[in-house]
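A short reminder: the numbers here are calculations on the coordinates, not readings from a lab. From a predicted model like this one, the values you see are computed outputs, not experimental measurements. Here the Cβ positions follow ideal geometry from the backbone for every residue, glycine too, while neighbour counts run over all protein chains shown.
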Amino acid sequence: MFQFDNSYARLPERFFASVYPEPVEGPKLLKFNEELARELGIEADFSDPARLAAILAGNVVPPGAMPIAMAYAGHQFGNFVPQLGDGRAILLGEVVDGRGTRRDIQLKGAGPTPFSRRGDGRAALGPVLREYIVSEAMHALGVPATRALAAVATGEPVYRDHVEQGAVFVRVAASHVRVGTFQFFAARGDNDGVKLLADYVIGRHYPELAGSGNPYHLLLRAMARRQAGLIAQWMGIGFIHGVMNTDNMTISGETIDFGPCAFLDEYNPMKVFSSIDEMGRYAYRNQPGIGQWNIARLAECLLPLLDSDEDKAVDMANAVLKEFGERFQKAWLGVFQSKIGLALEADGDGELVQELLAAMHEGEADFTLAFRRLADAAEGRDDGFLACFKAPARPREWLDRWRERLAEEALSAEARAAAMRRCNPAVIPRNHRVEEAIASANYGDFSVFERLLEALEKPFEERPDFAEFMTPPTPEERVMRTFCGT
Ligand code: AMP
Ligand code: MG
């Protein structure tokens, strides 16, 4: 089924542990992403779901696979843990897709590994479906993210707060190398390991840097740039990752590990959904700062490779961190300028955006809907936009300021509105819809999950059939907390 070529498994043995998935009682295919399978050049026999399920649940290890659990460390909520590693995920192997990009095929929830610590190596159905929904939604929204190839029921219970149904999530990633992977070697003083890993990721993710003067400095900078851009995109769609630990930040620049992640309903920069984030470390507005903090941890690992003179190495790292802040600001402004329909840059645009956000915060406006309805306002229909706010005075004043600024750009109202609708989604995986899909699936009804996935395929279109996915939750529907469910 897969044409594997497993480069990570060819690295020295201390990079991973070889481990086979633990077979499960009753594998059953819940969802298979045929489109992604084709993109990956996977020849799956879609007519034999039982065989497909057996492979994707880990019961049958396909030819060419070299199953491994990757070693990594990480800062969890700011505290360093020298050994984490894949405790419940097994990398089957790598395939090269139609565009020539190498991608990992990983089974999450496939059984214990030497890194499981006290965990059971399993995943519950709810978090598997959440990751499926949100990672595919991110992709449709144009945000780099790991992808969902399949969800498979195991037919076995898992024990969390309650008894839940077990499932395996089949994930596709540009790679699973994390900031925490570098930390694993650096924490052991294994500089050869750090260098091997750096060379590996340059070859795999940043091949243009190979052979340049100081590839490790450029690697750090390139990685920082990708993360700054990624987080700016998150901010633009109201995405809150929820657990930005260094082990949950990829080197490739893809969003990974959709545990308690959620999207803003009403705009509140301090918003936190995750039940375990008691201090609000990973609140919406803290994400860029945390991204920079994580890059600083990566920089510490790379210091010995940057320069043999420690002071010089530190200066180089600091320059990258400073650039991260500037890059983020620039990317963020670009994202929000587009969201409010500005094609050119002008002084004062940042303040204009900030004033809108302040009005949205005060007026408890739904983040997604307010920006979407602003496209209507670009065509002269203000009602929908104003109705997003508790009181219309402040947003009305803002519209006046906005129109003065729009007058500086010679763009037709229709063209501007169309451009705004291409970057302000109508449909996002709203938390209450995700929870609803999971709740029904827990009772064996996957139709709600399927319909939500369908709605999320075209997030920038207002399709009347999917109207219920475009509105904010009612007070009774609101979901305040999300759980990792690990
Ligand atoms: P996460 O919070 O999902 O990013 O996971 C943090 C760490 O805990 C990783 O090393 C995981 O592999 C590990 N982990 C999470 N859940 C389990 C589980 N059920 N069994 C074993 N390890 C787990
Ligand atoms: Mg993780």
Query raised in the report: Which entries of K339/K458; K31/K108; K271/K339; K330/K390; K271/K390; K31/K458 show an alpha-carbon separation above 23 angstrom in the structure shown?
Result: K330/K390
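Over region 49-88, what portion of Cα pair distances is larger than 15 Å, expressed as a whole percent?
For region 49-88, the share of Cα pairs beyond 15 Å comes to 59 percent.
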Requested in this report: Order the peptides 59-72, 465-478, 229-242 from the highest to the lowest mean number of other Cβ atoms within 10 Å of their residues.
Outcome: 229-242, 59-72, 465-478
**Report entry** Within the chain, helix-based [θ] at 222 nm, where runs of 4 or more DSSP H residues each add -39,500 (n - 2.57), nearest 500
**Finding:** -13500 deg cm²/dmol
**Report entry** Value of Rg/Rh across region 243-288 [Cα atoms, Kirkwood radius]
**Finding:** 0.96
Query - 3J(HN,Hα) from dihedral phi, region 76-81, Karplus parametrisation 6.51/-1.76/1.60, rounded to Hz, x for glycine, proline - result: 9, 6, x, 9, 7, 10
Requested in this report: Grab the alpha carbons of region 180-338, take their convex hull, and tell me the volume per residue in Å³.
Outcome: 119 Å³
Query raised in the report: What number, in percent, do you get for the relative contact order of region 180-338 if the mean sequence gap of Cα pairs under 8 Å and at least 6 apart is divided by its residue count?
Result: 28 percent
Query raised in the report: Taking Cα atoms, how many degrees apart are the long axis of helix 287-306 and the longest axis of the chain, rounded to 10 and kept between 0 and 90?
Result: 40 degrees
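Using 0.36 nm times the number of residues separating E454 and R481, minus their current alpha carbon distance, what extension gain do you get? Kindly include the intermediate steps, with their values, before the conclusion.
Working: separation 27, 0.36 × 27 = 9.72 nm, distance 2.48 nm.
Contour length minus the Cα-Cα distance gives 7.2 nm.
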Report summary line: Expected vector for region 382-388, Karplus 3J(HN,Hα) from phi with 6.51, -1.76, 1.60 and θ = phi - 60°, integer Hz, x for Gly and Pro, equals 8, 4, x, 5, 4, 5, 6
Report task. Just name one of A313, F336, A378: the one whose Cα is farthest towards the positive end of the charge dipole of region 296-425 (beta-carbon charges, Lys/Arg +1, Asp/Glu -1). Result -> A378
Query raised in the report: How far is it, in nm, from the label point at M270 to the one at R422 when both lie 7 Å from their Cα along the line to the Cβ?
Result: 3.9 nm
Query - Under 19 Å from the Cα of K195 - lysines, other chains or at least 8 residues apart - result: K312
**Report entry** region 390-486: equivalent-ellipsoid semi-axes (sqrt of 5 x gyration tensor eigenvalues, Cα, Å)
**Finding:** 35, 18, 11
Report task. Which order do the peptides 173-182, 205-214 take when ranked by the mean count of other beta-carbon atoms within 10 Å per residue, highest first? Result -> 173-182, 205-214
Report task. Taking the chain as the reference, fit the longest principal axis to its C-alpha atoms, fit the long axis of helix 215-237 to the helix C-alpha atoms, and give the angle between the two in degrees, 0 to 90, nearest 10. Result -> 50 degrees
Query raised in the report: With each pseudo-label sitting 7 Å past Cα toward Cβ, what's the A393-Q76 distance in nm, one decimal?
Result: 5.0 nm
Requested in this report: Could you line up D311, D265, D376 from fewest to most neighbouring Cβ atoms inside 10 Å?
Outcome: D311, D376, D265
Query raised in the report: In whole angstrom, and with the biggest value first, how far do the Cα coordinates of region 8-176 range along each principal axis?
Result: 44, 38, 35
**Report entry** Charge dipole (debye, nearest 20) of the chain; +1 at Cβ of Lys and Arg, -1 at Cβ of Asp and Glu
**Finding:** 580 debye
Query raised in the report: Starting at 0 and stepping by 20 Å, how many percent of the alpha carbon pairs of the chain end up in each bin?
Result: 23, 55, 22, 0
Query raised in the report: Which peptide among 45-53, 386-394, 191-199 comes first, and what is the full order, when sorted by highest mean count of other Cβ atoms within 10 Å?
Result: 191-199, 386-394, 45-53
**Report entry** Approximate spin-label separation F446-L196, in nm, with each point projected 7 Å along Cα-to-Cβ
**Finding:** 4.0 nm
Requested in this report: Provide the gained length on full extension for the span H162 to E462, in nm with one decimal, where the gain is 0.36 nm per separating residue minus the Cα-Cα distance.
Outcome: 104.2 nm
Query raised in the report: How big is the gap, in Å, between the Cα center of region 134-167 and the Cα center of region 184-224?
Result: 31 Å
